[in-house]
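J.: Before we start, here is the structure in question, set down as structure tokens.
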Amino acid sequence: MVVLAAVGVACLPLDVWRGLVRERRFGLSTQTLRGWLADWAKGELVELVLAAAVWVAAVGLVRALPRWWPLPAAAALALFVLLMSFVAPVVLEPLFNRFRPLEDERLAGELRALAERAGVPVRGVLVADASRRTTRTNAYVSGLGPTRRVVVWDTLLADASEPELKLIVAHELGHRRDRHVLKGTLLGMTGAILVVVVLWAVLGSLQPGDFPNAALLVTGLEIASLPALAWISRRWERAADRCSLELTSDRDAFVRAHVSLARKNLSDLDPPRLAYLMLFTHPTPPERIALADGRGV
Ligand SMILES: [Zn+2]
């Protein structure tokens, strides 16, 4: 706990620069320092509580089952990842944003029809109050089963034309149709099992004082898995892009939506190769537009 809290506070100046100072300089942030700090504290607290709970449970398991702890620990951590996918949209996301159903009945009806055509009916499209924080625009899908949802940021709703909005919702429906949230959760569960195996192989049994080493190992594994995860994510994004083109048959809206997203979010059009391979979870805007033109990618 103390170690994690210390690391969090040590990273604070860098986080303030990255999350607020730089965002303000580029005109992207709409937040005050106070608002930003409140978000930061909430995020750190959630991380601390979850990490502490997982660690206490792990050390408890080692005490109870000194020889067999990796088996129940791997199962429990994988189940924890699964549980988080279910509850995050209803427990964690509302800590940071308020969600309301899309009020425009006609538009909501058209988006529902689009979802029917995609073969993935949704109960509704939710709008998140992202404008409290940023001028960036975005949309995403999250949750599993009863908690699955398509979320559109209010900044996107205000900014995009109707064909562009439909195109972006069609992209999110593509993620739903191909079950990317479920596949991502399964990937996370596999990662959780791998983490337990590595901890067991390197540290043997876990003692309470092993926390810094364990945290270092987990961070190392996270960094090592970045290129593979970014590669998978880019593949899924391309699949969702293709789906959005199929569903809307609106290449013009595709190009306009992605040019507009790139402008609003100040996307890097031609990132350094290493940064692209390690960190880019989405194809670059030129790559996406090439896909729409059938120039393959
Ligand atoms: Zn996407």
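The values are calculated or read from the model by the stated rules, or taken from the named source; none is laboratory data. A quick note: this is a predicted structure, and the numbers were derived from the prediction, not measured. As a convention, Cβ positions derive from the backbone with ideal geometry for all residues, glycine included, and neighbour counts pool all protein chains shown.
J.: Residue by residue through region 131-172, note down the ones that are outside any helix (DSSP H, G or I), hydroxyl-bearing (Ser, Thr, Tyr) and modelled with pLDDT of 90 or more.
T.: If the condition is that a residue be outside any helix (DSSP H, G or I), hydroxyl-bearing (Ser, Thr, Tyr) and modelled with pLDDT of 90 or more, then 161 is the only one that fits.
J.: Among the residues of region 184-198, is any within 30 Å of residue 260 (Cβ to Cβ) and away from the ligand (no atom under 13 Å from the Cβ)?
T.: No, region 184-198 has no match at all.
J.: While we're here: With among the small types (Gly, Ala, Ser) and modelled with pLDDT under 90 as the only criterion, which of 262, 253, 239, 224 stands out? Reasoning before the result, please.
T.: Details: 253 fails: modelled with pLDDT under 90; 239 fails: modelled with pLDDT under 90; 224 fails: modelled with pLDDT under 90.
Step by step, each of 262, 253, 239, 224 is checked, and only 262 is among the small types (Gly, Ala, Ser) and modelled with pLDDT under 90.
J.: Here is a list of conditions, (1) in contact (Cβ under 8 Å) with a residue 60 or more places away in the chain; (2) surrounded by 14 or more Cβ atoms within 10 Å (Cβ to Cβ), and residue 252 meets all of them except one; can you say which number that is?
T.: All conditions pass for residue 252, except number (2).
J.: For residues in region 1-31 being among the β-branched types (Val, Ile, Thr) and in a helix (DSSP H, G or I), which is surrounded by the fewest Cβ atoms within 10 Å (Cβ to Cβ)?
T.: Looking at the filtered set, the residue picked out is 2.
J.: A follow-up question, please. Out of everything in region 231-249 that is of a type in the set (D, E, K, R) and surrounded by fewer than 21 Cβ atoms within 10 Å (Cβ to Cβ), what residue ends up being nearest to the chain's Cα centre (by Cα)?
T.: For region 231-249, the residue satisfying everything is 234.
J.: Restricting attention to region 121-130, report how many residues are more than 20 Å from residue 106 (Cβ to Cβ) and either within 13 Å of the ligand (Cβ to nearest atom) or in a strand (DSSP E or B) (or both).
T.: Total satisfying the criteria: 1.
J.: From (1) away from the ligand (no atom under 16 Å from the Cβ); (2) in a helix (DSSP H, G or I); (3) hydrophobic (A, V, I, L, M, F, W, C); (4) touching a Phe, Trp or Tyr at 6+ places or on another chain (Cβ under 8 Å), pick out the condition that doesn't hold for residue 206.
T.: Just one mismatch for residue 206, condition (2).
J.: Please go through region 255-297 and give me each residue that is loosely packed, with under 14 Cβ neighbours inside 10 Å and touching a residue at least 60 places away in the same chain (Cβ under 8 Å), ordered by number.
T.: Passing the criteria: only 266.
J.: May I pose another question? Please go through region 186-227 and pick out each residue that is over 21 Å from the mean Cα position of the chain (by Cα), farther than 20 Å from residue 47 by Cβ and not hydrophobic (A, V, I, L, M, F, W, C).
T.: Correct list: 204, 205, 207, 209.
J.: Checking the conditions here, which among 50, 61 is closer than 20 Å to residue 193 by Cβ, under 20 Å from the mean Cα position of the chain (by Cα) and not hydroxyl-bearing (Ser, Thr, Tyr)?
T.: When all the criteria are applied, what remains is 50.
J.: When residues of region 32-53 are filtered for being surrounded by 14 or more Cβ atoms within 10 Å (Cβ to Cβ) and within 12 Å of residue 20 (Cβ to Cβ), how many remain?
T.: Residues in region 32-53 being surrounded by 14 or more Cβ atoms within 10 Å (Cβ to Cβ) and within 12 Å of residue 20 (Cβ to Cβ): 5 in total.
J.: How many residues are in contact (Cβ under 8 Å) with a residue 24 or more places away in the chain and of a type in the set (Asp, Glu) if we restrict to region 200-221?
T.: So in region 200-221, the residues in contact (Cβ under 8 Å) with a residue 24 or more places away in the chain come out as 200, 205-208, 211-212, 214-215, 221.
Narrowing the set further to residues that are of a type in the set (Asp, Glu) leaves none.
So the answer is 0.
J.: Going through region 222-240 one residue at a time, which ones are without any contact (Cβ under 8 Å) to a residue 40 or more places away in the chain and within 14 Å of the ligand (Cβ to nearest atom)?
T.: Of everything in region 222-240, just one residue is without any contact (Cβ under 8 Å) to a residue 40 or more places away in the chain and within 14 Å of the ligand (Cβ to nearest atom), namely 235.
J.: When you check residue 219 against the structure, is it out of contact with any Asp or Glu (no Cβ under 6 Å at 6 or more places or on another chain), part of a helix (DSSP H, G or I), away from the ligand (no atom under 16 Å from the Cβ) and within 24 Å of residue 145 (Cβ to Cβ), yes or no?
T.: no
J.: Right, another one. In region 173-191, which residues are at pLDDT below 95, within 22 Å of residue 80 (Cβ to Cβ) and among the hydrophobic types (A, V, I, L, M, F, W, C)?
T.: 181, 182
J.: Only one of these is in contact with an Asp or Glu (Cβ under 8 Å, 6 or more places away or on another chain) and aromatic (Phe, Trp, Tyr): 280, 254, 211. Name it.
T.: 254
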